[in-house]
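Working notes, structure below.
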């Protein structure tokens, strides 16, 4: 038996009977954790079959092929699991988050926000419209999910999700009703969805020292201000034209101007962490920024410079005043983990293979796919020296 857990530099190999038995025991424990969320035995057992199919050698993780993998003649049962069966995907999401923090948790972990597009045809899938997605790098007909990942020294996994519902949807009640979007759902920006997920993580006591995200979130003052109110340190990418006030000036200055003024001797070559091809080295420097409000905290502009073409990237950081440059670099580099999570979740457990169109089906499939991906993250962590399954 082969279990592939190898995207983005992880393990990919054939292993022996003892390892396979360990995986089976771990998967049984994962299913036991979520079993109380299912009132009836039939969907409870089918959820386990669904997870096995997501983790198995099924080419496309859709209803027909998952049913065939489970030995069922038709996809009806799998479709019921995603549509009419009685279970709450948000409760399973909470179990998933608890599983990840229990097995991979670390106080120095980083919570990472990002969104991912899922290309779809037609106009009836909940939230679908022509919109920009980094998945294809262009405007496409797609759904967009906003995700929260948890990255620790032990590993990384997706722990929360929200489907972005554009204004073209929230302004059309009949369209929402047809897609079974709950009546109370209103338009929220992607940073607002990020805040909802971060609030859930903080309320649940998830052990994490930092939050990071790209400039779509870092450029949002509401999200930054909220994080500071929670005393939650962050390293958030920002656009080159954003203006901030350095500690030695009375007015705000564009970050690209501040970066151009950094003396060459202040740039340090530091690894942003290991990637698929080894350590990712860049030149880094930081500029202190004015920090009104909370004593003991500092704010900085962190600048990353490519060692090849000199391309610059900018981050606004807020955290304890004694935070080192290397500490900020570690957090900025952690954002790469969610890119690996997306790649693995799509390629290995079919995060984007679903054929459901309605709101409940999206949340149910995506949550189970995230749980399967978290299982792989734990297996991968336990493949390292000192790691062990249950």
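What follows draws every value from the coordinates through simple rules; no lab data is involved. Computed from a prediction, not measured in an experiment: that's the story for all the values here. Note that we place each Cβ from the backbone using ideal geometry, even for glycine, and neighbour counts take in every protein chain shown.
Between the C-alpha center of the range 60-94 and that of the range 224-270 there is a gap of 47 Å.
Using only Cα atoms, find the angle between the long axis of helix 336-349 and the longest principal axis of the chain, and express it within 0 to 90 degrees, rounded to the nearest 10. Taking Cα atoms only, the helix is inclined about 10 degrees. Stretching the chain fully between residue 90 and residue 130 yields a gain of 11.6 nm (0.36 nm per residue, less the alpha carbon separation).
Each Cα pair under 8 Å and six or more residues apart adds its sequence gap; the mean of these over the residue count of the chain is a relative contact order of 20 percent. The three principal axes of the Cα atoms in the range 160-205 give end-to-end lengths of 39, 17, 14 Å, sorted in falling order. Working ranking of peptides 327-334, 161-168, 50-57 by packing, defined as the average number of other Cβ atoms within 10 Å per residue, highest first, is 327-334, 50-57, 161-168. Normalising the average separation of contacting C-alpha pairs (under 8 angstrom, six or more residues apart) by the number of residues puts the relative contact order of the range 230-334 at 29 percent. Projecting label points 7 angstrom from Cα along Cα→Cβ for residue 280 and residue 189 puts them 2.6 nm apart.
Round to the nearest 10 and give me the degree value, 0 to 90, for the angle of helix 190-203's Cα axis relative to the longest principal axis of the chain. Helix 190-203 sits at roughly 80 degrees to that axis.
For the chain, what is the calculated [θ] at 222 nm in deg cm²/dmol (nearest 500), taking -39500 (n - 2.57) for each run of four or more DSSP H residues and dividing by its residue count?
-12000 deg cm²/dmol
Taken over the C-alpha atoms, the range 230-334 has Rg and Dmax values of 13.6, 44 angstrom. Translational diffusion coefficient of the range 175-272 (Stokes-Einstein, Kirkwood radius from Cα pairs, 4 °C, 1.567 mPa s): 78 µm²/s.
Subtracting the Cα-Cα distance of residue 170 and residue 257 from their residue separation scaled by 0.36 nm leaves 27.3 nm.
Hey, with R₀ at 35 Å, roughly what FRET efficiency would residue 40 and residue 60 work out to, going by the Cβ-Cβ distance, to 0.05? If you can, show how the numbers build up before the last one.
Values: r = 28 Å, r/R0 = 0.79.
Using R0 = 35 Å, I get an efficiency of 0.80.
Computed from Cα atoms, the angle from the helix 359-382 axis to the main principal axis of the chain rounds to 70 degrees. Could you work out the Rg to Rh ratio of the chain, with Rh taken as the Kirkwood radius (inverse of the mean 1/r over all Cα pairs)? With Rg and the Kirkwood Rh in hand, the quotient comes to 0.99.
Among 156, 116, which comes first, second and so on when ranked by fewest other beta-carbon atoms within 10 Å?
Working: 156 28, 116 24.
Lowest count first: 116, 156.
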